[in-house]
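Student: Below is the structure I would like to discuss, written out as structure tokens.
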Amino acid sequence: MTGHVISLATERIKRHDHIVRGTAANGMVRAFAITARQTVQTAHENHSTSPLVSAALGRLMMGGLMMGAMSKTDDELITLTVRGDGPIGGLTVTANNRGQVKSFANNPNVWLPLRDDNHLNVGAGVGAGELSVVFDQPGIAPYSSQVELTSGEIGDDLAYYFAVSDQVPTSVGVGVLVGADTSILQAGGFIIQLMPGHQEWVVDELEKSLSRVTSVTDLLQQGMTPTSMLEHLLGDLGYEELEAIPAEFYCGCDEARAGRAVAALGRETLLDMIEKNETAEVICHFCGKRHYLGTDELQQLLG
Ligand SMILES: [Zn+2]
């Protein structure tokens, strides 16, 4: 009976953006896959991102969401920051293990010519620079690590991060397909990792099946879901799904947080603003929402 209830809930989750988590090869492989068209569309609408920036930001958002799903701690926030010398300048993504993500790009409206293979030139948009990952949970000092960007294409950069920072051989595929009207048509990806103690034959099998993948957006265009993507890639290794998690763009900013940002300006500034009858407007970086604080609210901040 319980199994039936769980499968109904899972079915419901799988109708919208979601992440799946599973294993293969008797636990020697762990895998994550995601579909996030609506989530990336929301980021696109919040920031009026150009197709190039939608792709760059969307790829990093999906990486962040799948990394969030790796976390066993409910309150942990994972922030991925890409800083590059390309015209996009930087990308920031914060995710948790409940499938919630928020993001922004330093320059959301960058346009570059397509690459020779007709793909958006994310690598040129991002440029050379670094990827930093910060793990943050309440009551514990944040832990962070950085790697140099390898290509700026995001997927490669995340794979390199796992190899260097966690010493875990990892394959990352993330892709966003943008329509002529700049809306998001497809967004999805996968992370496949070889766990410590894996045997050589698993590496060989995995390389064989990954070599068949041209791009994630091709798989999505064929109608693949996160589950069928992992079955396609790991079927020969005995893929077993463990969990499906709904995914969404979620900011969580509110008046209180806006108030703390204004309070940080200092007592002098607050008194000055109240005296001049000024109001404060705080625009959230992540979701673009505007929070207004009138004289009364400013007065309250003084305590
Ligand atoms: Zn916000």
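Only the coordinates and a few stated rules stand behind these numbers; no lab work does. The structure displayed is predicted, hence computed values, not measured ones. Please note: Cβ atoms are built from the backbone with ideal geometry, for glycine as well, and neighbour counts cover all protein chains shown.
Student: Which ones in segment 259-288 are among the small types (Gly, Ala, Ser), under 25 Å from the mean Cα position of the chain (by Cα) and in a loop (DSSP other than H, G, I, E, B)?
Tutor: GLY288
Student: Residues being surrounded by fewer than 23 Cβ atoms within 10 Å (Cβ to Cβ), of a type outside the set (Asp, Glu) and either closer than 24 Å to GLY22 by Cα or away from the ligand (no atom under 16 Å from the Cβ) (or both): count how many of those fall in segment 79-93.
Tutor: Summing the residues that are surrounded by fewer than 23 Cβ atoms within 10 Å (Cβ to Cβ), of a type outside the set (Asp, Glu) and either closer than 24 Å to GLY22 by Cα or away from the ligand (no atom under 16 Å from the Cβ) (or both) in segment 79-93 gives 6.
Student: To continue, here is another question. The conditions are (1) touching a helix residue (DSSP H, G or I) at 6+ places or on another chain (Cβ under 7 Å); (2) in a helix (DSSP H, G or I), and ALA256 fails exactly one of them. Which is it?
Tutor: Answer for ALA256: the failing condition is (1).
Student: Are any of the residues in segment 241-252 closer than 27 Å to THR39 by Cβ, assigned to a helix (DSSP H, G or I), touching a residue at least 60 places away in the same chain (Cβ under 8 Å) and more than 13 Å from the ligand (Cβ to nearest atom)?
Tutor: No: zero hits.
Student: Would a scan of segment 74-81 turn up a residue that is of a type in the set (S, T, N, Q) and under 30 Å from PRO113 (Cα atoms)?
Tutor: So far as segment 74-81 goes, yes, one or more of its residues are of a type in the set (S, T, N, Q) and under 30 Å from PRO113 (Cα atoms).
Student: Take the residues in segment 222-233 that are under 21 Å from GLU11 (Cα atoms) and in a helix (DSSP H, G or I), then tell me which one is nearest to the ligand (Cβ to nearest atom).
Tutor: Applying the filter and picking the extreme gives PRO226.
Student: Also, I was wondering about something else. Residue by residue through segment 282-303, note down the ones that are of a type in the set (D, E, K, R), surrounded by 11 or more Cβ atoms within 10 Å (Cβ to Cβ) and within 14 Å of the ligand (Cβ to nearest atom).
Tutor: Passing the criteria: only LYS289.
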